[in-house]
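K.L.:
Submitted below is the structure of interest, expressed as structure tokens.
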Protein chains: 2
Amino acid sequence: MIKVHKQQYQTEPFDISTLESKVGESVTFSGIIQNFRQTKWGGFLTVRKLGKIIQVVLDGDTRVTHGGQTVGAETLLNESSITITGKVRSSSIKSPLVYFKTVEVAATGIDIVTLPEAHMPLDVNKAGDDTYKLDTKLDWRHVSLRNPKDIAVFKVMSEMVRFYGEYLRKNGFTQIFSPKIVAAGAEGGANIFEFPYFDKTCFLAQSPQFYKQMSVAYFERVFEIGPVFRAEKHATSRHLNEYVSLDVEMGFIKDHTDIMSLKVGLLQYILNGLGETCAEEMKMFDAELPKLPDEVPSFTVAEIHEIIKREYGVDNTHEDDLNNEDERLIGEYVLKHYDSDFLFATHYPTRMRAFYSHTDPSDPEYTLTFDLIFKGRELTSGGQRMHDHTKFVEKIKQVHGMNPEAFNFYLDIFKYGMPPHGGFGMGLERLVMAFLGLTNIKEASLFPRDINRVVP
Amino acid sequence: MIKVHKQQYQTEPFDISTLESKVGESVTFSGIIQNFRQTKWGGFLTVRKLGKIIQVVLDGDTRVTHGGQTVGAETLLNESSITITGKVRSSSIKSPLVYFKTVEVAATGIDIVTLPEAHMPLDVNKAGDDTYKLDTKLDWRHVSLRNPKDIAVFKVMSEMVRFYGEYLRKNGFTQIFSPKIVAAGAEGGANIFEFPYFDKTCFLAQSPQFYKQMSVAYFERVFEIGPVFRAEKHATSRHLNEYVSLDVEMGFIKDHTDIMSLKVGLLQYILNGLGETCAEEMKMFDAELPKLPDEVPSFTVAEIHEIIKREYGVDNTHEDDLNNEDERLIGEYVLKHYDSDFLFATHYPTRMRAFYSHTDPSDPEYTLTFDLIFKGRELTSGGQRMHDHTKFVEKIKQVHGMNPEAFNFYLDIFKYGMPPHGGFGMGLERLVMAFLGLTNIKEASLFPRDINRVVP
């Protein structure tokens, strides 16, 4: 019998993130060799440690060992796992890929823990730039992810999710987990995956829409972080067939503007957080923190058409939706006049928005919904939802020509009492893509799924 | 055009969780009527607010309004959404379902926001006890969840996930999101859901095992919170067909004991956290925090058989696995001698554990794996994984009789270099069930999926 103590697993005697405060001290840590450049007098190693790159310098006296034997430095292959002992010293490092810019470790000893058995099919140190085509990198995704820029993308994603949850919990939200195996699609349309579930036919959830709304009755404010599935039949640079949806729903709102305010507060919190913990990662992508003022301009779709006509001479005032060009122009206008990368467009037509969208009491042809437009492109959307059972059933039948019987359990929630409520959903990969300026959303998915790709 | 300010959404002027410090103050807040007991002089309301129950007292002077008109108090139906104005005063409340035990709100005004349209099919105020059968409650899950005990279960779940993430982030772990649409099962066996994915056949992930191990090469320490899918063909009180898996994987370990230590530290952090934020919720279930000492006893399966033979006269020393009775007896022994509700059992036979389990270098018939046994039942398991490519491929072929070609992308990770690593997975619902002492795991799933149940 042994006793397991919780402290044993602290296999390293110091927190690597404090390396820059350790100048003059001796340290020991383990990591994976990102790259080794051997010189006559020793060499430069970059070492991957908890997703950060550390520069390590070897000289003639550095002792390299493997299985208790001293070996030559040429034994150190990229992607070897090693344990380094050395002294932290000041340095001035230019490479954007090295995380710690002011220190390096002068190694006295390097012990090889494991060696790779084979050379990699591509040079991972070039997988972060344009040397390879995206398709090649994705075919070898499990290998190409071994590069600092790809790793940075997912460090940013992890932190984004952290700040998202922190902010919502601070404001009374409960995290829920709704089922991904469902009996009916929440978003309609043909882009739904169907599968045999024992003696039934079921679907993969397109969104947690029904469940997060229902949860308002129990918890009042809820959020969810989970996968959603869309059977999109074409591959684009902005769509995935499986993505992570950040969902929010809140009860007792005045109207959609409460939801928009929540969203501004949440995004500011996330961006401030990223500015604090992911500054080095953002620099790798030359990504500046977006401009998100305390007051974000919000226009109705009709107002946007007026502005575009007046400012740019483009007359789409007969349209009641926005096209890509409209979004681009209003984004340009708002950046110039309000110094904001963000704006809200509101009051989309009722027939174009999801059946659960609340109509505008002053004109039921339009909804209390919004899109958040970031740098001239739609980033996420949301709005107030229907909550009056009678009016909701009427709208489903009259406006959308759908049969309310198909989602009885969902409509029950409104029958038995529901406060005014609303919310939004945001694709996590799309947020990462937007804030880092990536050109393809697949770069923001660890192992992306599209119509052709389910491996690795 | 309007400007959306982040503060607008703070629709309530105070944080409801501070209600007990507001004695003598006037407050206004919105909530849903949990129950209304009318009396000659007014009545008692319990109000659901952010998942907590507040007692509100009406007297003859309380003005009840609806749409600007004064109405009688009898208009207040259970599940109505209301806005309450009143004064906080001291009280001494016995009901375990009321969250705030030391204060109540003396209402001067109640404004009805929405009214239910219909009576509920069951009395939700009895849905937290044994009045209804579990199946009845689950058939009406979307309604029965409107009761304080069920809500408490999911408050505990939300907080558990919070502390899980907090602890791991503090220790350098990156949160990952791996695909749930996969080309091959990670856990083998027949309990996998298959579905048509465009021109391919794909599966729903049984676990993120392959992806979390691969991610050790990139991030060294990773965790995931996400659904997993098991096509279990029988309904039991301990299994779900979809559940939330809390997964952890860590590189540069000495052996499985580093993983066990991490797990002890993590569970202590979660339990301490629940003790701080969920004390009222735990009381509703008469649930005491489990005994988890700093040092948790760990025995090999062989040692456990010796103890059981010596202490209880049950001789299973010829077996190399544990049955339910063995787990129960060793749990009893450990509680008595070590005052711990937890123990580890280690060194399970190689042929019985997953193919990726690391063999014990001193006896390859056994693995460096463990089960964590809680109150005499297996709660979760984990261990060190194979990381040497040559030995791993050999083990897959020789021991498990499987074809390594089936998971080439996964095995590549080891070919190109991988440190010693290990981890564990824990079913979130099972943890909630264990710590609250629930009798059926379905009570710990918001909308449980079993062989018969995919609605609501």
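The values are calculated or read from the model by the stated rules, or taken from the named source; none is laboratory data. Remember, it's a predicted structure, so these values are computed and weren't measured experimentally. All Cβ positions, glycine included, derive from the backbone under ideal geometry; neighbour counts span all protein chains shown.
K.L.:
Give, as residue ranges, the strands (runs of 3 or more DSSP E) completely inside the stretch A:10-83 that count at least 2 residues that are closer than 30 Å to A:Met282 by Cβ and at pLDDT below 95.
P.N.:
none
K.L.:
Quick one: what pairs do we get from the stretch A:29-44, first residue within 14 Å of another protein chain (Cβ to nearest Cβ), second hydroxyl-bearing (Ser, Thr, Tyr) and in a strand (DSSP E or B), C-beta under 6 Å, 6+ apart or different chains?
P.N.:
Close Cβ pairs (under 6 Å, with a partner that is hydroxyl-bearing (Ser, Thr, Tyr) and in a strand (DSSP E or B)) amount to A:Ser30/A:Thr83; A:Ile32/A:Ser81; A:Gln34/A:Thr46; A:Asn35/A:Thr46.
K.L.:
Of all residues in the stretch A:142-155, which are more than 8 Å from every other protein chain (Cβ to nearest Cβ) and either among the basic types (Lys, Arg) or over 16 Å from the mean Cα position of the chain (by Cα) (or both)?
P.N.:
Scanning the stretch A:142-155 gives A:Ser144, A:Asn147, A:Pro148, A:Lys149.
K.L.:
When the residues of the stretch B:303-343 are filtered to those that are of a type in the set (Ser, Thr, Tyr) and in contact (Cβ under 8 Å) with a residue 24 or more places away in the chain, which remaining residue is farthest from B:Gly376 (Cα to Cα)?
P.N.:
Here is the first cut: in the stretch B:303-343, the ones of a type in the set (Ser, Thr, Tyr) are B:312, B:317, B:333, B:338, B:340.
Then drop every residue that is not in contact (Cβ under 8 Å) with a residue 24 or more places away in the chain, which leaves B:333, B:338, B:340.
On the way: B:Tyr333: 9, B:Tyr338: 14, B:Ser340: 11 Å.
Going through the qualifying residues, I end up with B:Tyr338.
K.L.:
Separate question: I need a count of the residues in the stretch A:339-352 that are more than 17 Å from A:Glu306 (Cα to Cα) and either surrounded by fewer than 19 Cβ atoms within 10 Å (Cβ to Cβ) or not β-branched (Val, Ile, Thr) (or both). Walk me through it before giving the result.
P.N.:
At the first step, the residues of the stretch A:339-352 found to be more than 17 Å from A:Glu306 (Cα to Cα) are A:339-342, A:350-352.
Narrowing the set further to residues that are either surrounded by fewer than 19 Cβ atoms within 10 Å (Cβ to Cβ) or not β-branched (Val, Ile, Thr) (or both) leaves A:339-342, A:351-352.
So the count comes out to 6.
K.L.:
Please go through the stretch A:307-321 and give me each residue that is assigned to a loop (DSSP other than H, G, I, E, B) and not hydrophobic (A, V, I, L, M, F, W, C), ordered by number.
P.N.:
A:Gly313, A:Asp315, A:Asn316, A:Thr317, A:His318, A:Glu319, A:Asp320, A:Asp321
K.L.:
Any residue at all in the stretch A:434-450 that is closer than 30 Å to B:Val47 by Cβ and either within 14 Å of another protein chain (Cβ to nearest Cβ) or free of Cβ contacts under 8 Å to residues at least 24 places away in the same chain (or both)? It would help to see each step written out before you state the result.
P.N.:
At the first step, the residues of the stretch A:434-450 found to be closer than 30 Å to B:Val47 by Cβ are none.
Scanning the stretch A:434-450 turns up no residue that is closer than 30 Å to B:Val47 by Cβ and either within 14 Å of another protein chain (Cβ to nearest Cβ) or free of Cβ contacts under 8 Å to residues at least 24 places away in the same chain (or both).
K.L.:
If you take just the strands (runs of 3 or more DSSP E) that sit entirely in the stretch A:338-401, which of them hold at least 3 residues that are more than 31 Å from the chain's Cα centre (by Cα)?
P.N.:
Values: elements: A:342-346, A:363-367, A:369-374, A:377-384.
Strands (runs of 3 or more DSSP E) meeting the threshold: A:363-367.
K.L.:
Examine the stretch B:425-432 for a residue that is touching a helix residue (DSSP H, G or I) at 6+ places or on another chain (Cβ under 7 Å), without any contact (Cβ under 8 Å) to a residue 12 or more places away in the chain, within 8 Å of chain A (Cβ to nearest Cβ) and not aromatic (Phe, Trp, Tyr), and state whether such a residue exists.
P.N.:
Among the residues of the stretch B:425-432, not one is touching a helix residue (DSSP H, G or I) at 6+ places or on another chain (Cβ under 7 Å), without any contact (Cβ under 8 Å) to a residue 12 or more places away in the chain, within 8 Å of chain A (Cβ to nearest Cβ) and not aromatic (Phe, Trp, Tyr), which makes the answer no.
K.L.:
Now, a different point. Cβ-Cβ distance below 7 Å, separation of 6 or more or different chains: which pairs start in the stretch A:227-240 with a residue that is more than 10 Å from chain B (Cβ to nearest Cβ) and at pLDDT below 95 and end on one that is surrounded by 15 or more Cβ atoms within 10 Å (Cβ to Cβ) and in a strand (DSSP E or B)?
P.N.:
Listed by first residue and then by second, the contacts come to A:Ala235/A:Asp450.
K.L.:
Within the stretch A:124-148, which residues are closer than 19 Å to B:Asp412 by Cα and in contact with a Gly (Cβ under 7 Å, 6 or more places away or on another chain)?
P.N.:
Across the stretch A:124-148, the qualifying residue is only A:Asn147.
K.L.:
Inside the stretch A:113-174, counting only helices (runs of 4 or more DSSP H) that do not spill past its ends, which hold 1 or more residues that are touching a residue at least 40 places away in the same chain (Cβ under 8 Å) and of a type in the set (Ser, Thr, Tyr)?
P.N.:
Values: elements: A:134-139, A:141-144, A:148-170.
In the stretch A:113-174, the matching helices (runs of 4 or more DSSP H) lie at A:148-170.
K.L.:
Is it the case that the stretch B:395-409 has a residue that's in contact with a Pro (Cβ under 8 Å, 6 or more places away or on another chain), buried (at least 21 other Cβ atoms within 10 Å of the Cβ) and in the same structural domain as B:Leu267 (by TED's automatic domain parsing)? Reasoning before the result, please.
P.N.:
Applying the first criterion (in contact with a Pro (Cβ under 8 Å, 6 or more places away or on another chain)) to the stretch B:395-409 yields B:396-397, B:409.
Now narrow it down to the ones that are buried (at least 21 other Cβ atoms within 10 Å of the Cβ): none.
Checked the stretch B:395-409: no residue is in contact with a Pro (Cβ under 8 Å, 6 or more places away or on another chain), buried (at least 21 other Cβ atoms within 10 Å of the Cβ) and in the same structural domain as B:Leu267 (by TED's automatic domain parsing).
K.L.:
May I ask you to say which residue of A:Leu267, A:Leu262 is closer than 28 Å to A:Arg449 by Cα, buried (at least 23 other Cβ atoms within 10 Å of the Cβ) and either without any contact (Cβ under 8 Å) to a residue 24 or more places away in the chain or hydrophobic (A, V, I, L, M, F, W, C) (or both)? Give the steps one after another, and end with the answer.
P.N.:
Working: A:Leu262 fails: closer than 28 Å to A:Arg449 by Cα.
Being closer than 28 Å to A:Arg449 by Cα, buried (at least 23 other Cβ atoms within 10 Å of the Cβ) and either without any contact (Cβ under 8 Å) to a residue 24 or more places away in the chain or hydrophobic (A, V, I, L, M, F, W, C) (or both) holds for just one of A:Leu267, A:Leu262, which is A:Leu267.
K.L.:
Sticking with this one: Yes or no: the stretch B:381-400 includes at least one residue that is in contact (Cβ under 8 Å) with a residue 12 or more places away in the chain, small (Gly, Ala, Ser) and more than 19 Å from B:Asp258 (Cβ to Cβ).
P.N.:
No, that holds for no residue.
K.L.:
Hey, another quick one. Of the residues that sit in the stretch A:156-181 and are within 7 Å of chain B (Cβ to nearest Cβ) and polar (S, T, N, Q), which one is farthest from B:Glu429 (Cα to Cα)?
P.N.:
A:Ser158
K.L.:
Another one. For A:Gly72, are the conditions met, namely being surrounded by fewer than 19 Cβ atoms within 10 Å (Cβ to Cβ) and either hydroxyl-bearing (Ser, Thr, Tyr) or touching a strand residue (DSSP E or B) at 6+ places or on another chain (Cβ under 8 Å) (or both)?
P.N.:
yes
K.L.:
Something else now. Considering B:Asp255, B:Asp199, which residue is more than 23 Å from the chain's Cα centre (by Cα), surrounded by fewer than 19 Cβ atoms within 10 Å (Cβ to Cβ) and at pLDDT 95 or above?
P.N.:
B:Asp255
K.L.:
Here's a check for you: in the stretch A:183-193, which residue that is more than 7 Å from every other protein chain (Cβ to nearest Cβ) and over 23 Å from the mean Cα position of the chain (by Cα) is surrounded by the fewest Cβ atoms within 10 Å (Cβ to Cβ)?
P.N.:
That would be A:Ala190.
K.L.:
Here's another thing I want to ask about it. Of everything in the stretch A:200-214 that's within 9 Å of chain B (Cβ to nearest Cβ) and without any contact (Cβ under 8 Å) to a residue 24 or more places away in the chain, which residue is nearest to A:His421 (Cα to Cα)?
P.N.:
A:Cys202
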